[in-house]
Structures are given as C-alpha cells and as structure tokens.
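All of the numbers you see were taken from the coordinates with simple rules; none came from a lab. All values derive from a computational prediction rather than experimental measurement. With ideal geometry, Cβ positions are generated from the backbone for all residues, glycine too; neighbour counts draw on all protein chains shown.
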Amino acid sequence: MAIAVVLVLLVVGSIIFHLVSPWWFTDIASHWANIDFTVNLTFWVTGFVFIAVNLFLAYSVYRYRQSKDTPDNKAVYEPENARLETGLTILTALGVAAMLAPGLFVWAQFVTVPEDATEFEAFGSQWQWAFRYPGDDGVMGTADISHISETNPWGINPADPAGQDDLVVKAPYMALPVDQPVKALLRSRDVLHNYTVPQFRAKMDMVPGMVSYMWIEPTRTGVFDVLCEQYCGLGHHIMRAQIEVMEPADYEQWLDQQMTFAETQSLPEGSVSAGRQAYATCASCHGQNGEGNQAMNAPKLAGLQDWYIARQLRYYSEGVRGANPDDSAGQMMAPMAAMVNSEEARLNVAAYIESLPDEPAPATVEGDAERGMRIYSANCAACHGAEAQGSWSTDAPALAGMSDWYLARQLNNYRDGIRGGEDGDHYGYQMTSMVKAMRTEAQQNDVIAYINTLR
Amino acid sequence: MAYVPLADQDDAHALHDPDSFITKYVWSQDHKVIAIQYGGIAIFVGLIALGLSILMRLQLGFPDTISWIDPAFYYQAVTMHGMIMVVYLLTALFLGGFGNYLIPLMCGTRDMVFPFLNMLSVWVYLLSVLILLASFFVPGGPTGAGWTLYAPQSITPGTPGSGYGILLMLVSLGVFIIAFTMGGLNYVTTILQARTRGLTLMRLPLSIWGIFTATVLGLFAFPALLVSAIMLTFDLMLGTSFFVPSMIHMGETLEHDGGSPILFQHLFWFFGHPEVYIVALPAFGLVSDVLSTHARKNIFGYRMMVWAIIAIGGLSFLVWAHHMYVSGMNPYFGFFFATTTLIIAVPTALKVYNWVLTLWQGNIRLNTPMLFAIGFIFTFVHGGLTGLFLGNVIIDVPLADTYFVVAHFHMVMGVSPVLVLYAALYHWYPKMTGKMFNETLGKIHFWCTFLGTYAIYLPMHYLGFLGVPRRYYEMGNTDFIPASAQALNANITIAAIFVAIAQLLFFINIFWSLKSGKPSGGNPWGATTLEWQTPDTPPKHGNWGEELPAVYRWAYDYSVPGAEKDFIPQNEPGEEYEKTFHHKGGES
C-alpha cells in the first residue's frame, strides 16, 4: 500500500521539482536553438512515459496487492497476449522514431558547416588554452607538434607562408563576432581535451594527432566561460578560458590588436645590458645578484624563468597583482614595476635576472619533507615539474631554491583570495584551486620542506 | 562408458563429499560455496568503493572540510569507485555470485560442469582484487585516469598514478578477465549441456536467460578490454605507440608517434557498452523471477521476454560509439549509432511493460524482495528514459560530460542493479541459509535506499541540464553556475551519506538472521523454480540427494486455473496447462 502511494508521490514530486528547479539550461547564445527544441521534445515525450508507466505501476500495486480483507484473491493466469504486446511494440517504436527523426535532422545540420563560415583554432594543452585566427589571406598555415617550442607554442610551421600572417593568442581569452557562422578547428598537443561553451550548447573533444571540428553562430554578445569537459588529468577543472562575443566592428578591432605569427617570431630578445641598468632599482631590495632579502620582503629572483618575471611585472603594472589592500608587499612592488612599463623593458630585466648566478636561498621553513613529497608529487609536480624546475609548457615557474618564506606567503595569499582572484590573473586562478592540496599549515610546511630538498 | 560430468550424474554416490574445513569452505568446488565466496569478495570491495564515493561527495558538497582530499586523491577516488563498482562488484556479484548459486540449482544439476575451474575462477578473482587494492599502497597511489582509462592521459605524467597505479589497474583487469573467462565458460556450458530431464530452453527461468546471455556477452566483450589493456601496457612499459600520438609533456616531445587515442575509445567501449548489459541482463532476469513469484502470477509475455534479452544482447554490440559522439570521431557515425541505440530502447521498453503487466491482475505480496523489485521498475524507467536523451546524438551534445551523464548511468546502472541485488539477496536468502531475514528491518532498509538514492540522483540531472561538468574537483569561478548549485550539491552529499549508512541495516539483518532468524523451510515463497524444491535447505553438496529432478512444465505456473495451490513446481508431474490462450480481463 505504502509503495503505491510513494510511487505516486515520487511522480508528483518529480514534476514539482522540475517546475520549481532554478537549475536548467543557461540562456542560449548561439543559433543551436533547435538543439534545445530536440531536448524539450524528448523531455515531454519521456516525461509522459515516465508519468504513465509509473502511475499504472502504482495503480497495479494498489489494486492487486494482497490484504487481510481479501484472502481469497487469486491472480489471473495470462502467459501472453500477442495483440497487446504487438500494439505496445508498435507504439514504442513510433515514440522512439518521433524523437530520433528530428534528432538526426538537427545532427545533419550540426555536421554540415556552412560555406561562408570563417575559421578559428582552439589549441589545448595540459592545462592551458591558446587560439589562432587566419590572417589577411584567410587561410591558416599548417601546424605540427614537431614545430612546438617555447616561442612557438602553437606548432605553426615556420616555413609555411600561409601561417606567417596568422593571428595568434597565447592566453586563455578569445573573441568571436556575433551573428556570423564560425568553424572551430580543435587541436591538442598532449592528451584529450574538449572545447565547451555551455551557452553555445555545442562541444567537441580535442584529440592529439588530429583536428576535430564543430561550428557555431553566436547570437548574442557577452563574455562566456570556455570549459574543458573531457577529463585531461590533474588540472582538468582549472583548464578555463573566456570567450567574448563582440559586434563585428569591435571584433575586427580586437583582431587588429593581436600579433601575427611572424611578429611573435621576430620579437627582439631581452637585452641583458639594458636590463642590468634597469635592475639597479630592483637591487636595493632584491639584492645585487637577485638573491632576495627577507627583511625587505623581497624574494629571491635569480633562477626564475624570464617569461615568468616578465609576466609578473606586467601584472604589477596593470594592477592584476599588487592591487589587493591585504597584499602589502605586493602594493610596495606595484609602483616599482611601473618603472618598467613596456614589454621590451620587462623582457630586458627578465633577461638580466636570468643571467644572474643562481644560488639556493637559505631554508627557513621546517616541515616533514617525506610527507611533503607525497603531496608535492601528486599535486604540484604535474605543472612545476618533478624537480620543481618549472616549465614554459605549463606556465609554471621554478620553485626549487627560491625563497621558501616567499612561497609560504604566496600560498597563503592564494588560499585567502589575496592573490589569483583578479580578472586577468589566469594562472593565479589555477593556483587558488591547487593550493587546496595543502589545506593545513603543517601540510604546506611539509611541501615547502620537500621543495627545499630539490635545490 | 562415456564420461558423464558430475553435474549430470544421477547417482549421488559418485560425489566425493568434502570432509575437512579447507575443502568445504576454502578450496571448495561446490558452486554454492564458490557463489558465496564470490559474493563476499565483491561486497567487500564494493564497500571500499562506496566509501570512496562518500569521500568524493564530501569534497563536492562540503569543499575544504577534509584536509587530505586533494585534487589528486579526488580523481583517484573517482576512478577507483567507478571501476570497482562496474567490474569488481556488479559483474562479479551478478555472474560469479548469483550465476554460480542459481545455475546448477535452477537447471537441476549437481554442480557446474567444471567444478575445479570454477574454484580457480574465484581465487583468481580474489587475486585480481588484491592487485587492484595494492595500488593504494604503491608510490603515486592508484590511477586517477577516470574509470574509462582514456589514453594517452592514463599513462602520461599529469594524471595521478600514471606509473605504478595504472600498471596495477591494467594487470588487475587482465587477471579479472582470466577469472571471468574460467567462470563464464562454465556457466555457458552448464546451461547448454547439463540441464536436467525435461528442462528445455524455453522452460528456463528468466534468471538463467539473463545470466546466460550476459555471460555470452562477457565472453565476447572482455577480450576487447583485454587487448586494449595489453596494448596500453605496452605503450606504458615498452614505449610502443598504439594509442599515444606524438605529444609534448613539460616542454619535451615524448618518444611516441602515430598512435590513436580514438582507437582506445573504440576498443574500450566495444567492451564497455556490452558491459552495461552484462550487469543489466542478469538483473532483468532475477527481478523477473522475484516479481513473478511474489505477484503469484506468471511472468507476462515469457517468450517476448526471452527474445528481448537476446535482442538486447545482440544489439549491445552495435551501439558502443554512442559514448563517443563528441570524441572527435567521424561525426557521420553519429547517424548510425544514434539509430541503433534508440532501437535498443524498444526491447528494453517491452521488458518494462511486461514487468508491470505481470503485476497487473496479480495477487501481490508486498514483502521486502518485492518492494526492492518494484523500486527497481521505477528507477529503471527513470534511468532508461534519460538514456533516450543521451543516445540521441544531437541531444547528447549539450549533455555529454555533464552531471546529467553521471545521474543517468547511476540511475540505470548503479541504483537499478543494486535494488535488484537486494531484491535477489533477500529473495534467495532463505534458500542460502535456511533462515528468514527480519522483514521489518528489510523494509526500513528498502525505504532508506530507494528514497535516499532518488534524492541523490533526481536533482543531479538538473545540475547536468545547467551544464555543470563532471570530473571536476571543484566548480571554481564559473559565471553560469549559481551559488544555489553548491547548496544542491551539499544536499546530494547528505542524501548520499544517509544512503551509505542505511546499508548497515542490510548487514545487521543478514548476520542477525543467520543466528536468530526463524527457520524458513525449503520453499517459503511458494515458488515454482527448481532451486526451491531441493531436498535440503540450504542445499547440500550435490544439491539433489539421490536422484536428479525431472521437469514437466515452464517456470511460471502460478495461479493456474483449477490447480489446488497457487503454484505448481516445475518438477511436479502432470500435463502443462495451455499457455497460449488469450485471456481478456475478467471475461473468460
């Protein structure tokens, strides 16, 4: 008896839950409204079956249950009923066809890219994004894993003339024009990834060794999250990018600001001698040899990769770092960084710092290195490397031999939302999640103690 | 004289009864002992997987509460939970457990046709479990590659446990497949060759049809997993490139070139989709028998049910790429696989109709096993219908890799089979032990499990509609995910913890009843099938005493018109009642 009532209540409750649920598809931002249509169609067909079958089930249980009042009840002997069974088969087949046919119709649209679609390329790696657009010639140059290097993370073939004017983005940020069909070409340089914008309803995996594709036509302007939705290892959940859908004129302007591949390949190297002059200001806190000075709250710099130094200087000068009132040391750094406020000046300083002799900073943090090793190798090594040497390919700086008190403070800052929360600090955002591998101070000290053994 | 296997020997004196504790309970060749060994190991390892799921839920529902659930551990827990539940619990418990227990009893044989192989099977299965669990204790811990073990991520640094962990997983799977093959050949041969006199194929209980078809599927599907595991091991250990293309790691080009990650997915799902039915078909069979027995009514449309099982089994080899609609495979495959996938919904729906029609005009006994069986119909309808979303290629696109998928397969492949397992465990408990379980405790267990799991998974579908991606350690700053989604996650976690704790009731019940339960007698449910007609309960070694039973009728002679009782056992002599008459309502 109770089960019959509960079954009815569950059906009613499911309907109510559906009606009051604030959780449903996000507002659509692409032309794939017919995907939503097929979802809704399926929802109502299956919803009807769900209600009908379960109410019939509940009624059968209620009507034909044994009870003390009717001890003489007997079941009906009915092994089969060909007419009923055939009828149900046909009805079910029709219902299935009614869902399948429109589904396949829309799928045919999904796999047929319009002739006038422009192209862009999304390129995934553990756990970063990069993007590419065709240049004036409208054609993207060939690309291959074998061409990938620190200065050519897209793997564009340097010998291919078609690739020279390609517009390249090495940041988790891309743009598209509104109301124009675009074909996404999807590549990966390591494991499986996936390109998903929930508001577009479309998604497709990015597979190393091949190019997959899909097409969309954004229908409203705005900024949306790009997510990786194919599990790609430890940093899967922090592999994020943003896409901004713009009016065509804004989009053209944005494209004009992006560098061509040829420009990225002919950037001047940072000048060590020019950097030495600029560094004189830094030396008063960070030391002549970039060895750091804890009393001045200045961490060791020698041993850090030039791209990391340049990036942090840019963050400081653009207010991405050092703007948080709780970050007093960062606030001191911000005006200093403003003194090197061109990319060229920053690269010069970075080049000079990279040329400094790298002596490990003194260890000041104590912890259980063996326990720290377990946490580090499970959660940190994937980006910072087994030797804490850092890597351009994961955008992760060197940690070994750096000022350990500074590491501790930054980890605290990430944890407390003092660093990594600003718009534009994409890599810092990733650290705000990974820092959760060290939720207690003891765990953090253990990890730093382990990093101190890697110097 | 021709060789007659033990299973077929009429004369019980040929049996060598085990005489020591070791031969009786440890190195036993008795299918019933082996079944309980299989079941015990499976439930033990399943409890570990249950614990892992609670840790995952704690991280999702209440982030930052448990200091040692770091991202690496979370992904390891996800992986081990999934693989253990699908392979080491569900496959092993349905086929190694119920298959072993029921096949000889329902087919009227003395044992499996290869008892020694059967014994080897369970011990090799234990070995595979030990290898799997060993990965918790190696440097780097168990693999965190996701239970699908997609290459190249599963064997490259950047995924937790990509060294020892994944190696032990692959070896363990290989060993498991050896164990399964030894058991599986036994089940198929016993069912085909050793059935007792009069037990034609179309007189078999649906439990046997489900177990038989599932085992055949397993024998065809597991080799695909075995070869992909071996090839992946070669990629990992020998530097071959079956699945690993040229790729960059930490700025360095790895020594692989030309492998196909999509090939791995094809091989994995060529196993993985039939695997769904390796679990589902025995569940379909067992629940049919529980429903029929306690509704005191024949299973409705028996022939249709048998053909549906076979059709589902056959079709299950033609749908695998519906797991890969957005994998980057040639998108035109989508047309084919969406069509085959939705076709499979037709025989599946017919089974549901026939279960409900079995209850219609029945005389339903609402005891614990029956409640679990009815609960199964509800959850299976729910999970089956959401499958129509994901199977229809274009609808899969927005929902793939979201919590909708997680909710769907937990409804259809987690909750539903588990409800059947409980229905079956309660239903056959009196036969296995000779004792009745505690009915009140059983019913409380049912209500907590049934309502609790629905509270977990119904809302989870809506997280999927919203677009929340699965396999995320945490949601982070994502504009389209409102704060209310986190509150929902917390509620789901509370429901999950509640359900997990409620499972204690089952263990309390079966252990308490073992000692203090009322004697059940040989056939407490008034069931027709052969296992309830054994001379002893629990059945002794050799099952049938002096003489094997003979079968005179199908397995579902309940409430036969004119019969004295409301059931006629299969081994009761006499003419069979005409089965093909058409009865309409109460008119005739």
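Estimated from the Cβ-Cβ distance and a Förster radius of 35 angstrom, the FRET efficiency linking A:A98 and A:L9 is about 0.75. Over all directions, the projected convex hull of the C-alpha atoms in the range A:268-359 averages 5.3 nm² in area. Take every pair of alpha-carbon atoms less than 8 Å apart whose residues are at least six positions apart; their mean separation over the length of the range A:361-455 yields a relative contact order of 45 percent.
The orientation-averaged shadow of the Cα convex hull for the range A:118-265, equal to a quarter of the hull surface, comes to 7.8 nm². Take the Kirkwood radius over Cα pairs of the range B:458-588, plug it into Stokes-Einstein at 20 °C and 1.002 mPa s, and you get 102 µm²/s for translational diffusion. Using a Debye calculation, one point per C-alpha and no hydration shell, please list log10 I(q)/I(0) for the protein assembly as shown at q = 0.05, 0.09 Å⁻¹ in order. Taking Cα atoms of the protein assembly as shown as identical point scatterers yields -0.36, -1.01.
For the protein assembly as shown, the dipole from Cβ point charges (+1 on Lys and Arg, -1 on Asp and Glu) about the Cα centre works out to 4060 debye, to the nearest 20. Local charge sum around B:K518 (other residues, Cβ-Cβ under 11 Å, Lys/Arg +1, Asp/Glu -1)? Charge balance near B:K518 sits at 0. Go ahead and collect, in residue order, the members of the range B:423-457 whose backbone nitrogen is under 16 Å from a label point 7 Å along the Cα-Cβ direction of B:S516. Label zone hits: B:435-442.
Within 10 Å of the Cβ of each residue in B:448-458, the mean number of Cβ atoms contributed by other protein chains is 2. Placing a label point 7 Å from the Cα of A:D416 along the Cα-to-Cβ line, the residues of the range A:313-329 whose backbone N sits under 15 Å from it are A:322-329.
Exposed loop sites here mean GluC sites (Glu not before Pro) with a DSSP loop assignment and at most 11 other beta-carbon atoms within 10 Å; chain B contains its longest site-free run at B:256-545. Two decimals is fine: what's Rg over Rh for the range B:75-125, C-alpha atoms, Kirkwood radius as Rh? Radius of gyration relative to Kirkwood radius: 1.14. Within the straight-line cut-off of under 25 Å between alpha carbons, the lysines reachable from B:K431 are B:K24, B:K32, B:K297, B:K443, B:K515, B:K518, B:K540, B:K565, sequence neighbours fewer than 8 places apart in one chain being disregarded. From the Kirkwood radius over Cα pairs of chain A, Stokes-Einstein at 25 °C and 0.890 mPa s returns a whole-number translational diffusion coefficient of 93 µm²/s. Between the beta carbons of B:T253 and A:Q265, assuming R0 = 25 Å, the FRET efficiency works out to 0.80 to the nearest 0.05. Sparse packing (at most 11 other Cβ atoms within 10 Å of the Cβ) combined with a DSSP loop state is found for the following GluC sites (Glu not before Pro) in the range A:234-283: A:E269.
Over the range B:304-354, the fraction of Cα-Cα pairs per 5 Å bin, rounded to whole percents and listed from the shortest bin up, is 4, 22, 27, 18, 13, 9, 5, 1. Taking Cβ atoms as reference points and 15 Å as the exclusive limit, the residues near A:V197 contribute a net charge of -4, counting Lys and Arg as +1 and Asp and Glu as -1.
Taking 21 Å as the straight-line reach from the Cα of A:K170, the lysines in range (excluding those fewer than 8 positions away in the same chain) are A:K183. Over all orientations, chain B has a Cα convex hull whose mean projected area works out to 29.0 square nanometres.
Considering only chymotrypsin sites (Phe, Trp or Tyr not before Pro) in DSSP loops that have at most 10 other Cβ atoms within 10 Å, the longest stretch of chain B without any of them is B:4-331. Between B:Y3 and B:M202, the modelled label-to-label distance comes to 3.4 nm, taking each label 7 Å out from Cα in the direction of the beta carbon.
The range A:1-24 and the range A:300-373 have their alpha-carbon centroids 57 Å apart.
Partner shielding of A:377-383 amounts to 6, given as the average count of beta-carbon atoms from other chains within 10 Å of each residue beta-carbon.
Across peptide A:102-111, the average count of Cβ atoms from other chains found within 10 Å of a residue's Cβ is 6. One compactness figure for the range A:361-455 is 0.99, namely its Cα radius of gyration divided by 2.2 N^0.38 Å.
Contact order, relative form, for chain A: 12 percent (alpha carbon pairs under 8 Å, 6 or more residues apart, mean separation divided by residue count). Its relative contact order, with pairs defined as Cα atoms under 8 Å and 6+ residues apart, puts chain B at 16 percent.
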